[in-house]
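Rule-based calculations on the coordinates, nothing more; no lab input. Please read these numbers as outputs of a predicted model, since none were measured by experiment. Methodologically, a virtual Cβ is constructed for each residue, glycine included, from the backbone with ideal geometry; neighbour enumeration extends over all protein chains shown.
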Amino acid sequence: MTATAKFPGFYRGAINLWVEDTMTRDYLRKVWMDHPAIVFYVGGGNEGVSAVLKEAEIAGLNHVFAFIDRDFNVSNRPNWNNPAATSRRFVSSHHEIENHLLVPDALAGCALNTGGRSAADIKARMLQRATELAWWLACRCVIAEAKGTTLQDFPEHPKCPPVVDHASAETYILGLPWWARIQAYTPSLTNANLRARLATHHANVTAWLGTDQWTIEFHGKELFLHVSGWVYTKPPRGNAPALNQSDLAKSVGERQAAAKQVPQELTELLTVLKARAGVP
């Protein structure tokens, strides 16, 4: 039988970790110094990772895990040490993996800073770009808020026996928590409310810009993309931009590991993975 993600023969490591993309894989390998117990698998995004992890859980494979971006959802990091609360799916406390790369000292000190940029200049450039994106991010926050509200507890189709006539069909729908929430939420979808929600989220974004919180909450991909070509100015000729960004991410990871400045979240994740899998 051909091995697939459903079966034990597919997995080769003491710790088998699914991640969303190749950059995440390559960066984690560097900050974790190519830990020999970990084998990485790339799931092609949040939904792909969640699907294969579910298959592994159904198959009872306790040495298979997933690490995904938080995006606009909620991190489960406070419960990482509680298997009953997190299962084996670890959700970052940062917006996405690239947020861990928005470290001026690491970018300035990495081997691929061929532009010779200083940490202060790198931070200023990223912060300037974040400021330019404030309304863009506020818009995304409003859309994510609406999506979260409308899809939370989205109902499954009813089984045949409970719904047999008009009355039972109506009773089924009216009894759904999702239906009640949508009824309460829909009247708020007015132009005036939209303006208020945008203003509220823009105020939140502006507050992040006044602290280092922007490095956690902003879209790390956008800020890393903005600074990567300016820092790594001499990539091999013909390289695709995505490959150059991945190479810079690996270089930053190497720098963080060598300087013992690995992001605390990633150090914690490795510790939890090893404990869950029984790896010394």
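Checking every residue in segment 264-279 against the condition of being farther than 19 Å from F67 by Cβ, among the charged types (D, E, K, R) and surrounded by fewer than 18 Cβ atoms within 10 Å (Cβ to Cβ) gives zero matches. Listed by position, the strands (runs of 3 or more DSSP E) inside segment 29-117 whose residues that are in contact with a strand residue (DSSP E or B) (Cβ under 9 Å, 6 or more places away or on another chain) and farther than 24 Å from A242 by Cα number at least 2 are 64-68, 89-91. Does R197 fit the bill of being surrounded by 14 or more Cβ atoms within 10 Å (Cβ to Cβ) and basic (K, R)? Yes; evaluated as a whole, the condition is true for this residue. Looking across segment 198-234 at every residue that is touching a helix residue (DSSP H, G or I) at 6+ places or on another chain (Cβ under 9 Å) and among the polar types (S, T, N, Q), the one that is farthest from Q128 (Cα to Cα) is identified as T200. Within segment 129-138, the set of residues being within 18 Å of H226 (Cβ to Cβ) and surrounded by 15 or more Cβ atoms within 10 Å (Cβ to Cβ) comprises R129, A130, L133, A134, L137.
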